[in-house]
Amino acid sequence: MNPYIAEIIGTAILLLLGSGVVANVVLPQTKGNGSGWLVITTAWALAVFMGVVVAGPYSGAHLNPAVTIGLGLAGKFDWAMAPGYIGAQVLGAGIGAFLAWLMHIDHFKATQDPGELAAPFGTSPAIRNLKNNFISEIIGTFMLIFVILYITGAKLEDSTQTPIGMGSIGALPVAFLVWVIGMSLGGTTGYAINPARDLGPRIVHQLLPMKGKGSSDWGYAWVPIFGPLVGAALAAFLYLLVGA
């Protein structure tokens with residue numbers, strides 16, 4: 001599989017299952033309505049696992065521009081491939097969110113609250129304070145990338161010499177990492193920790209003809225885009241400073 005196609009498919013799987021669990025918990029009349037934060041964080045972690053399992057052997061399963069940039073800054077990924085990876089991740093995230101919407105379309109139609117209509121597409125803060133929300137995304141993504149850099153220390157390569165990245169020693173450690181970040185650090189902003197995870201679905205929310213959907217909140221969108229990028233850069237710099 002072409003690594004860019006793998007990133008599209010892997011990120012689409014991530015968002016189909018991730019947006020899907022938010023829809024299942026938040027939207028009315030679903031079987032999972034009201035089942036809570038533990039269900040959401042667990043499903044997101046398993047969604048990462050599924051995406052990494054599929055894409056890992058072909059692209060390294062970054063599925064996240066912050067991972068791509070963090071690995072690039074740490075010298076573990078070819079910068080020439082980064083633009084294609086990031087574009088593929090944003091596209092895949094949008095596809096996955098669209099499929100989750102399509103599956104839950106009757107429940108979206110039964111929803112009147114604009115916040116509930118938006119929740120499966122993009123993150124939003126529990127308390128809106130852009131400075132602190134930005135810091136939250138930096139810290140959450142820092143933890144993600146810093147640990148991933150050590151997980152990928154036992155680097156493997158496929159037949160095309162593409163770094164395996166997140167899939168280097170198996171997808172399970174990364175799933176556990178995303179799970180604990182969600183449970184421990186995710187309650188302030190909904191833990192995007194992934195610019196593509198937020199941007200691609202937010203674009204889909206903007207484009208979909210949902211009655212009463214309200215704003216896509218582009219005034220907040222910079223937080224889950226740039227916060228994770230800053231967190232990734234800080235994690236890579238600390239990794240290089242303390243020694244690989």
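Laboratory data are not the source of any read-out in this text; all were calculated from the coordinates shown. Note that this is a predicted model, so its numbers are computed, not measured. Don't worry about glycine lacking a Cβ; one is built from the backbone with ideal geometry, like all the others, and counts go over all protein chains shown.
State, as an integer percentage, the relative contact order of region 3-242 based on alpha-carbon contacts under 8 Å between residues 6 or more apart.
Worked out over region 3-242, it gives 31 percent.
Projected over all directions and averaged, the alpha-carbon convex hull of region 1-122 occupies 7.7 nm².
Label point 7 Å out from Arg128 along Cα-to-Cβ: which residues of region 176-197 have amide N under 19 Å? Backbone N within reach: 187-192. The convex hull around the C-alpha trace of the chain, projected and averaged over every direction, spans 11.9 square nanometres.
Loop only by DSSP, 11 or fewer other Cβ within 10 Å of the Cβ. Give me the trypsin sites (Lys or Arg not before Pro) in region 190-238 that pass, ordered by residue number. Don't jump to the answer; show the numbers that get you there.
Details: sites: Arg197, Arg202, Lys211, Lys213; in loops: Lys211, Lys213.
Of the trypsin sites (Lys or Arg not before Pro), the ones in loops of region 190-238 whose Cβ has at most 11 other Cβ atoms within 10 Å are Lys211.
Couplings 3J(HN,Hα) for region 88-102, derived from phi with the Karplus relation 6.51 cos²θ - 1.76 cosθ + 1.60 (θ = phi - 60°), are 5, 5, 5, 5, x, 4, x, 4, x, 5, 4, 5, 5, 5, 4 Hz, where x marks Gly and Pro. Estimated from helical segments only, the mean residue ellipticity of the chain at 222 nm is -22000 deg cm²/dmol, where each DSSP H run of four or more residues counts as -39500 (n - 2.57).
A simple spin-label model places pseudo-atoms 7 Å from Cα toward Cβ; at Asp113 and Gln29 they are separated by 1.7 nm.
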